[in-house]
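Step one of this worksheet: look at the structure below.
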Amino acid sequence: MKSHCFFYKKKNYSIVSNGVVTKKSYSNIALIKYWGKRKNKIQIPMNSSISYSLEEVYTVTKLIYSLRERKKKRSIKIFFSGKEKTNFLPKIFEFFHRISFYCSYLRYFNFVIKTDNTFPHSSGIASSASSMSALALCIMEIEKKLDSSLKEAFFLKKASFLARLGSGSACRSIYPGLVVWGKHKSIKGSNNLYSIPYPYKIHPIFKKIWDTILVIDEEPKKILSSKGHQLMNHHPYAKERLKFANRNMDQLISILKIGDFPKFGELIEHESLNLHAMIMTSNPYFLWMRPNTLHVLHKVWDFRKQSKKNIYFTLDAGANVHLLYPIQEKKVIIRWIYSELIYYCKKIIESFCQ
Ligand code: PMV
């Protein structure tokens, strides 16, 4: 049996009725970034990645399902913050198409999806991770109603598997805390199909991390991550990037164990600049950073040198900056952020890395 078939169930469901399910799911910030997909595979990452889920940055999705008349086309409607969004439909139909083999019961229903984020829409914060994972959790909630024998561990595993088919990084949003996706030789249980909670020892300092997200550009990205992943297939430095990401994961495992925050910080800064270097050197090339991104990075380096505080940045696929630091140092750091960095940002979002 192929490993993905583990999630397939050949079943005829006898009690099928209308209903509503509601689920919440977090956004996440990757410490080691997923960048590039394996050729001719659906959403299989080139490298393993690890992220923190962000407690205050989440999506709540309500999925209303009603019995569909046989032979009639499936109808799906989607509402975001109360407004119907027909432009989201192609992605949603593609998602339902990809998962139909694993969730045969979906064929019985029409759907209305109502979704809301805690973070502002136009913040440049990727909402695909939290929204696709919330939708995947809703679908699993329907599966649970149809199959009462379904176990919690399977529920989460399959939710992560389904979320991955919607948006790669979404599969990490299923669990709180540090979450790994993608096979890595040093991480037991890690695999390409779904994420797992980080399985090794974590020093207490890494259990209380704060993330201040500086929203520098609210515009939607001009180059989407899906395009960026594709560009890795012919990237001249792709092989080196893979080695670098794999090595970083090995280093991170020991850093997380011993609790060396400066080493952790250097690693995540280096890793995020490496991701940006990939996009700058792909063909076509692109630059996600804005002038204010650079101002912030230099300010952080200067402040760190002079204050000796443990504040480090990571960047996702855009101009925004995530500042990570231990909660014990929050008081001083937050005061500095709001007095020195506010001018460079459109918005600031705060979250505990749970
Ligand atoms: O899940 P996607 O296809 O939006 O890709 C996410 C890519 C990064 O955010 C840059 C890295 C990551 O691992 O989250």
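When the residues of segment 26-52 are filtered to those that are in contact with a His (Cβ under 8 Å, 6 or more places away or on another chain) and of a type in the set (Gly, Ala, Ser), which remaining residue is nearest to residue 192 (Cα to Cα)?
The qualifying residue nearest to residue 192 (Cα to Cα) is 48.
What are the residue pairs meeting all of these: first residue in segment 60-74, first residue modelled with pLDDT of 95 or more, second residue among the aromatic types (Phe, Trp, Tyr) and surrounded by 14 or more Cβ atoms within 10 Å (Cβ to Cβ), Cβ atoms under 6 Å, and 6 or more apart or on different chains?
Sorted first by the residue in segment 60-74, then by its partner, the pairs are 65/109; 65/111.
Going by the structure shown, is residue 278 out of contact with any Lys or Arg (no Cβ under 9 Å at 6 or more places or on another chain) and either surrounded by fewer than 16 Cβ atoms within 10 Å (Cβ to Cβ) or not assigned by TED's automatic domain parsing to the domain that holds residue 55 (or both)?
Details: out of contact with any Lys or Arg (no Cβ under 9 Å at 6 or more places or on another chain): no; either surrounded by fewer than 16 Cβ atoms within 10 Å (Cβ to Cβ) or not assigned by TED's automatic domain parsing to the domain that holds residue 55 (or both): yes.
Spelling it out, it is not the case that residue 278 is out of contact with any Lys or Arg (no Cβ under 9 Å at 6 or more places or on another chain) and either surrounded by fewer than 16 Cβ atoms within 10 Å (Cβ to Cβ) or not assigned by TED's automatic domain parsing to the domain that holds residue 55 (or both).
Assuming residue 284 fulfils every condition listed in (1) farther than 28 Å from residue 325 by Cα; (2) touching a residue at least 60 places away in the same chain (Cβ under 8 Å); (3) more than 16 Å from the ligand (Cβ to nearest atom) apart from one, which condition is it?
For residue 284, the exception is condition (2).
Here is a check on your reading of the model: is residue 275 among the aliphatic types (A, V, I, L, M), within 16 Å of the ligand (Cβ to nearest atom), part of a helix (DSSP H, G or I) and at negative phi?
Details: among the aliphatic types (A, V, I, L, M): yes; within 16 Å of the ligand (Cβ to nearest atom): yes; part of a helix (DSSP H, G or I): yes; at negative phi: yes.
Judged against the criteria, residue 275 is a match.
Taking the conditions exactly as written (in contact (Cβ under 8 Å) with a residue 60 or more places away in the chain, touching a strand residue (DSSP E or B) at 6+ places or on another chain (Cβ under 9 Å) and either of a type in the set (Lys, Arg) or in a loop (DSSP other than H, G, I, E, B) (or both)), does residue 28 satisfy them or not?
The answer is no for residue 28.
If a residue has to be within 14 Å of the ligand (Cβ to nearest atom), touching a helix residue (DSSP H, G or I) at 6+ places or on another chain (Cβ under 8 Å) and of a type in the set (A, V, I, L, M) to count, how many in segment 1-56 make the cut?
Number of matching residues: 6.
Which one is farthest from residue 72 (Cα to Cα), of the residues in segment 106-148 that are among the small types (Gly, Ala, Ser) and in a loop (DSSP other than H, G, I, E, B)? Walk me through it before giving the result.
Filtering segment 106-148 for residues among the small types (Gly, Ala, Ser) gives 122-124, 126-131, 133-134, 136, 148.
Imposing the further condition that a residue be in a loop (DSSP other than H, G, I, E, B) reduces the set to 124, 126-127, 148.
Numbers: 124: 38, 126: 34, 127: 32, 148: 29 Å.
This residue is 124.
Among the residues of segment 43-55, are any farther than 23 Å from residue 275 by Cβ and either part of a strand (DSSP E or B) or aromatic (Phe, Trp, Tyr) (or both)? Reasoning before the result, please.
Step one: of segment 43-55, the residues farther than 23 Å from residue 275 by Cβ are 55.
From the residues that got through so far, the ones that are either part of a strand (DSSP E or B) or aromatic (Phe, Trp, Tyr) (or both) too are 55.
Yes, the conditions are met somewhere in segment 43-55.
Quick test for you: out of 227, 257, 243, pick the one residue that is within 16 Å of the ligand (Cβ to nearest atom), assigned to a helix (DSSP H, G or I) and out of contact with any helix residue (DSSP H, G or I) (no Cβ under 8 Å at 6 or more places or on another chain). Walk me through it before giving the result.
On the way: 257 fails: within 16 Å of the ligand (Cβ to nearest atom); 243 fails: within 16 Å of the ligand (Cβ to nearest atom).
Unique residue meeting the criteria: 227.
What tally of residues in segment 301-325 results from selecting those that are part of a loop (DSSP other than H, G, I, E, B), in contact with a strand residue (DSSP E or B) (Cβ under 6 Å, 6 or more places away or on another chain) and within 19 Å of residue 219 (Cα to Cα)? Lay out the reasoning, then the answer.
Filtering segment 301-325 down to residues part of a loop (DSSP other than H, G, I, E, B) leaves 308-311, 316-320.
Then keep just the ones that are in contact with a strand residue (DSSP E or B) (Cβ under 6 Å, 6 or more places away or on another chain); that gives 310-311, 320.
When the remaining residues are screened for being within 19 Å of residue 219 (Cα to Cα), the result is 320.
Summing the residues that are part of a loop (DSSP other than H, G, I, E, B), in contact with a strand residue (DSSP E or B) (Cβ under 6 Å, 6 or more places away or on another chain) and within 19 Å of residue 219 (Cα to Cα) in segment 301-325 gives 1.
Being within 11 Å of the ligand (Cβ to nearest atom), more than 19 Å from residue 252 (Cβ to Cβ) and more than 10 Å from the chain's Cα centre (by Cα) is the filter here, so list the residues in segment 166-200 that pass it.
Residue satisfying the conditions is 166 alone.
Pairs needed: first member in segment 253-273, among the acidic types (Asp, Glu); second member anywhere, not in a helix (DSSP H, G or I); C-beta distance under 8 Å; at least 6 residues apart or different chains.
266/312; 269/312; 269/313; 269/314; 271/31; 271/32; 271/33; 271/314
With respect to residue 211, is the statement that it is within 16 Å of the ligand (Cβ to nearest atom) and either not assigned by TED's automatic domain parsing to the domain that holds residue 30 or not in a helix (DSSP H, G or I) (or both) true?
It is true that residue 211 is within 16 Å of the ligand (Cβ to nearest atom) and either not assigned by TED's automatic domain parsing to the domain that holds residue 30 or not in a helix (DSSP H, G or I) (or both).
The values are calculated or read from the model by the stated rules, or taken from the named source; none is laboratory data. Predicted model, so just to flag it, every value in this text is computed and none were measured. For neighbour counting, all protein chains shown are included, and Cβ atoms are generated from backbone atoms with ideal geometry for every residue, glycine included.
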